[in-house]
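Bear in mind these aren't lab numbers, they're just calculated from the coordinates by the rules spelled out. Since the structure is predicted, the reported quantities are computational estimates derived from the model, not experimental observations. FYI the Cβ positions are ideal-geometry reconstructions off the backbone, even for glycines, and counts take in every protein chain you see.
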Amino acid sequence: MDEHNESLHNIMESYYKYIGQCHVENVLWEVEKVQKEIDLVQIPLSLDQWFESYSKNAKAEEERLQKRHNRKRMLSKAAMFIVVLFVSFSFLTFTVDAVRIKVFNLIVDMKDLYSGIKVEEGIGKANTEHVGNEYYPKYVPEGYVMEGTSKTKDSITMKYENAAKESIVFSQGPMRTEFHFDTEASQLTDVTINGVEGVLVEQSQSDNNILFWNNQEYSFYIISALEPEILVQMANSLEKK
Amino acid sequence: MVNILLLYMGDEVSKTKLEELYYQYGKVMFYTALDILNDYHEAQDVVQMALIKIFPHLEKIIEIKCNKTKAFVVIVVRNTAINIYNKRKKDNILPYDRLDDLVETMKDNPEQYILKLDQGKEMAKSLAELKPEYADILTLRYSYEYEEHEISQLIGITEGAVRVKLSRARKSLRGLLGGKEYGK
């Protein structure tokens, strides 16, 4: 529609609106003419009763819709909050560790007597395939030799012993394997093994120390009465055969 | 006689909009319906139907106690009553279109007409006399600014029928303007 016709169209639209308003005045004038008769009208009781019932239902329906509307609003706010949180966390994670393809959250669940330690995969690309090659500590303290290995479906445990029958137990299992250790009267310390977060449990009752950590494939632990530094050295020396 | 229920509703501190509408215009609604149908029961039905139709549009009504709302309520009731009247007495349907002989040349160009702005009420009255629902539908569309599907729901006709009647209402109005060229 060109400008000229558009203007004319707008004029007519306004005119129709004006006529509508005039019609409203006419209607009101007609009603006013018979207002005395209207005032004398008796509305049937059945109509009043019908309206009372209808009004109650209408109110209840309105309240129900209002509640649903409020619920929707709250849910969408909660969802938005979660999305924002998720995006912020993802952003933070990827910017902090650009080289790694996975982020692992070490979850230590402190119970009264035992601690359950498990590695959960966090945000990022997951790779949980069992490669099939075991890890071995390249460094083994002097005097200790491998006494034996035991394999379950997924995990492998190696036992080293010295002449005094003092042992070092080294175990590895796939991600999400949960290990339980007696941590009563123990001290837990965060350690770093090859750039990854680990946990050192120094048990006072048994003189054993437990070192727990993981890499991108496995979770590991070493149990021994040796000093924690030696355990850490062993852990840092892991390599695949 | 004011019904006890209405009195009770009138004494409440806060009423819903619907209750306020009924309290304020219940009588005029009933009277309007009764005037057209001349039947108490059908008049009741019309008032009920009108309230049910108006209820979804209550949000659009800013002020219940105002003349514009009063006229709106009357228009809805009147058209609802006319629909029932037409259904009841098919052989007495109000003349459908006495306009054809009046309208000679239909042109959309308002430059052809003098708009007679000082005679708005007369023009509206003439349009209503020609066919009441033309004036009502035109008013609902342009003055109350309801969309066609809303008008359809309010007065109980199809959306297509609303479009047709609206178009005819506009044509009727242009016809009533006389076709006299402006300035001549």
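Summary table
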| read-out | value |
| --- | --- |
| 3J(HN,Hα) from dihedral phi, the range B:161-173, Karplus parametrisation 6.51/-1.76/1.60, rounded to Hz, x for glycine, proline | 5, 4, 4, 5, 5, 5, 4, 5, 5, 5, 5, 4, 5 |
| Residues of the range A:206-241 with amide N under 18 Å of a point placed 7 Å along Cα→Cβ from A:Glu147 | A:206-211, A:221-227, A:231 |
| Hz values of 3J(HN,Hα) by residue in the range A:214-229 - Karplus curve (6.51, -1.76, 1.60), Gly and Pro given as x | 8, 10, 6, 10, 10, 10, 10, 8, 10, 10, 6, 8, 5, 4, x, 4 |
| Label-point separation, A:Lys240 to B:Cys66 (7 Å along Cα→Cβ), nm | 7.8 |
| Residues with amide H under 5 Å from that of A:Glu134, placed H, sequence gap 5 or more | A:Lys241 |
| Inter-site label distance for B:Asp35 and A:Ile82 at 7 Å from Cα along Cβ, in nm | 5.9 |
| Residues with amide H under 5 Å from that of A:Leu238, placed H, sequence gap 5 or more | A:Lys138 |
| Added length on full extension, which subtracts the Cα-Cα distance from 0.36 nm per residue, A:Ala60 to A:Leu188 | 40.2 nm |
| In sequence order, calculated HN-Hα J values of the range B:49-55 (Karplus, 6.51, -1.76, 1.60; Hz; x Gly/Pro) | 4, 4, 5, 5, 6, 6, 3 |
| Rough spin-label spacing in nm, given labels placed 7 Å along Cα→Cβ, for A:Glu32 and A:Glu6 | 4.1 |
| Residue order, fewest to most beta carbons within 10 Å, for B:Met49, A:Met158 | B:Met49, A:Met158 |
